[in-house]
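Have a look at the structure below, then the notes.
Read-outs throughout are calculated quantities, based only on the coordinates presented, and are distinct from any laboratory measurement. All values derive from a computational prediction rather than experimental measurement. Heads up, the Cβs are rebuilt from the backbone with ideal geometry, glycines too, and the neighbour counts pull from every protein chain shown.
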Amino acid sequence: MSVIPHLINGELVTENGRAVDVFNPSTGQAIHKLPLASQATIQKAIDAAKAAFPAWRNTPPAKRAQVMFRFKQLLEQNEARISQLISEEHGKTLEDAAGELKRGIENVEFACAAPEILKGEYSRNVGPNIDAWSDFQPLGIVAGITPFNFPAMVPLWMYPLAIVCGNCFILKPSERDPSSTLLIAQLLLEAGLPKGVMSVVHGDKTAVDALIEAPEVKALSFVGSTPIAEYIYAEGTKRGKRVQALGGAKNHAVLMPDADLDNAVSALMGAAYGSCGERCMAISVAVCVGDQVADALVAKLVPQIKALKIGAGTSCGLDMGPLVTGQARDKVSGYVDDGVAAGATLVVDGRGFSVAGHEEGFFLGGCLFDNVTPEMRIYKEEIFGPVLCIVRVNSLEEAMQLINDHEYGNGTCIFTRDGEAARLFCDEIEVGMVGVNVPLPVPVAYHSFGGWKRSLFGDLHAYGPDGVRFYTRRKAITQRWPQRASHEASQFAFPSL
Ligand code: NAD
């Protein structure tokens, strides 16, 4: 079994100490050993970043952007290799892995605009012979902690932008599928990034706590589950750090009676079962307005769920691979047991599913529940698996109240042909990302990504314009060059025009 190294100061480093297994979820076999960084290893990455920061901060933004142009090229050239690694350790299909990488590359493209996004704001003649400008300066060393479900895309939400803004970055990827994340970071160094500007350290709570506690780390970007997001936000801000912590989700799709049902069903199938439901924007609740819509939806969904093509993610032409770990598969199965016990109608049961030749893989078939009610655990909690719950309501207002009352507010969508209903939904829904006939409304890289309520802790969303604000701090400079031979008298009143 090979050992996956850390990447510190441009070097691949292995160390003796605690380690965990990384699995191939399609076979259920451990394929790599992953070292878990100690506090001392984290300090090495911090020291490397500290040494690299002064020169990188003073590197012209256009030069920093040139590194990102080369990085984008390398990512595109290595798409097949990266997708293979994602699929091998996460389990998602190759096509899905390539899709996440493409969405990640969009963030690199945005970062290529560094000279434009960092040019600041300038005002001439704010007073007699006085000019003023706002400069956007880097924070110093920033760290990112990322989840297993997008090992390429989510880290790419963070460090291309942080780095072109002049920061040094330490990434702590998920310990479940770190190989693609590491390869991508190596490509960034190959693109010409000075060593030390970016390090990758593997680890668990020990590594994360070391990053939280280090005074040199000025900001933390986190994406993962809500309890850990809340912890990192509380501990980071307590120490005066800037923190954006994106958490879990329960995303509802509302189906109105006038919706184009066939297209809505196609959209729902991908949004609920794609990536085995392991997406923070996955639709996990279909809210049907009226029994007629619900009955028609169930009739159309059932044959399609039963026909899902499920197998090893690395095979081509599949709809769904396995869940990431045996523990995740058992947790999702447990939720299905719980839903049955609570009285929901299990219309399609994916428990006990296995794939011929991959009997040890962490597979589960698609599951569908009808007649789910808000007090059930399967409605309240994030399941993060291929389970869609149908809730029946009588009106759009009732549907919106249900969504607004939920603790999470990441994404949502409405299927309708009614512009008035869609507009009301967009205006009043308490959710950060909203789709109208778009099931996974993940914002493009030049907007920003973030949920509301307990789906995000912090003020600024990830990437795009909010990302630039997060990774820079504003300095306002006011400058006067008195005209030669002029004399200014002291002024004791507060300066004004
Ligand atoms: P997770 O919270 O278990 O892990 C995320 C990161 O936190 C990992 O790097 C992990 O090593 C670290 N971590 C885990 N336990 C920790 C602890 N006790 N202390 C400090 N660090 C710890 O999440 P996951 O299972 O990898 O990912 C799935 C979750 O991420 C889901 O809840 C999903 O909704 C969420 N997610 C959210 C978004 C979003 O944008 N809102 C995007 C992707 C995933």
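Beyond 19 Å, what share of the Cα-Cα pairs of the range 94-179 is found? Please give it as a whole percent.
52 percent
What net charge do the residues around VAL20 carry, taking every other residue with its C-beta under 10 Å from that of VAL20, with Lys and Arg at +1 and Asp and Glu at -1?
0
What percent antiparallel are the DSSP beta bridges of the chain, to the nearest 5?
So the antiparallel bridges amount to about 45 percent of the total.
Give a residue-ordered list of calculated ³J(HN,Hα) values for the range 487-497 (Karplus: 6.51 cos²θ - 1.76 cosθ + 1.60, θ = phi - 60°; whole Hz; x for Gly, Pro).
10, 9, 6, 4, 10, 9, 6, 4, x, 8, 6
Restricting to the range 249-434, compute how many DSSP beta bridges are antiparallel as a %, nearest 5.
About 15 percent, rounded to the nearest 5.
Past 18 Å, Cα to Cα: identify those pairs from LYS44/LYS195; LYS63/LYS119; LYS33/LYS331, in the order given.
The pairs that break the limit, which is 18 Å between Cα atoms, are LYS33/LYS331.
Taking only Cα atoms, what is the 0 to 90° angle, nearest 10, from helix 261-273's long axis to the longest principal axis of the chain?
The answer is roughly 70 degrees.
Size of the range 11-167 along its principal axes in angstrom, Cα-based, largest extent first?
So the three principal-axis extents are 73, 38, 22 Å.
Can you give the log10 of the normalised intensity I(q)/I(0) at q = 0.20 Å⁻¹, computed with Debye over equal Cα scatterers of the range 39-121?
-0.95
What percentages, rounded to whole numbers, describe P(r) for the range 237-355 computed over all alpha carbon pairs with 10 Å bin width beginning at zero?
11, 37, 33, 13, 6, 1
In terms of Cα to Cα distance under 17 Å, which lysines are near enough to LYS238, apart from those fewer than 8 places away along the same chain?
LYS218
In whole Å, how far is the Cα centre of the range 386-451 from that of the range 295-356?
24 Å
Among 385-392, 65-72, 48-55, what's the highest-first ranking by average C-beta atoms within 10 angstrom per residue?
Packing proxy ranking, top to bottom: 385-392, 65-72, 48-55.
Over all distinct Cα pairs, what is the inverse of the mean 1/r for the range 279-409, reported as the Kirkwood hydrodynamic radius in Å?
Taking the inverse mean of 1/r over all distinct Cα pairs, the range 279-409 comes out at 15.5 Å.
With only alpha-carbon pairs counted, each pair once and no self-pairs, how large is the Kirkwood hydrodynamic radius of the chain in angstroms?
By the Kirkwood definition, the hydrodynamic radius is 24.0 Å.
Using only Cα atoms, what is the ratio of the radius of gyration of the range 118-165 to 2.2 N^0.38 Å?
1.83
Just to confirm the number: angle between the C-alpha axis of helix 79-90 and the first principal axis of the chain, 0 to 90 degrees, nearest 10?
60 degrees
Among all the lysines, which ones have a C-alpha under 20 Å from LYS102's C-alpha, if same-chain residues fewer than 8 places away are not counted?
Here the lysines satisfying the reach criterion relative to LYS102 are LYS72, LYS92.
Working from Cα positions, state the angle (0 to 90°, nearest 10) between the long axis of helix 179-190 and the longest principal axis of the chain.
Helix 179-190 and the main axis of the chain meet at about 30 degrees.
Pop the C-beta distance of GLN137 and GLN43 into the FRET formula with R0 = 30 Å and round what comes out to the nearest 0.05.
0.75
Just to confirm a number: summing +1 for Lys and Arg and -1 for Asp and Glu over residues other than THR226 whose beta-carbon lies under 12 angstrom from that of THR226, what do you get?
-1
Can you find, among ILE378, ALA342, CYS426, the residue farthest towards the positive end of the dipole of the chain? Put +1 on the C-beta of Lys and Arg, -1 on that of Asp and Glu.
About the Cα centre, the residue reaching furthest to the positive side is CYS426.
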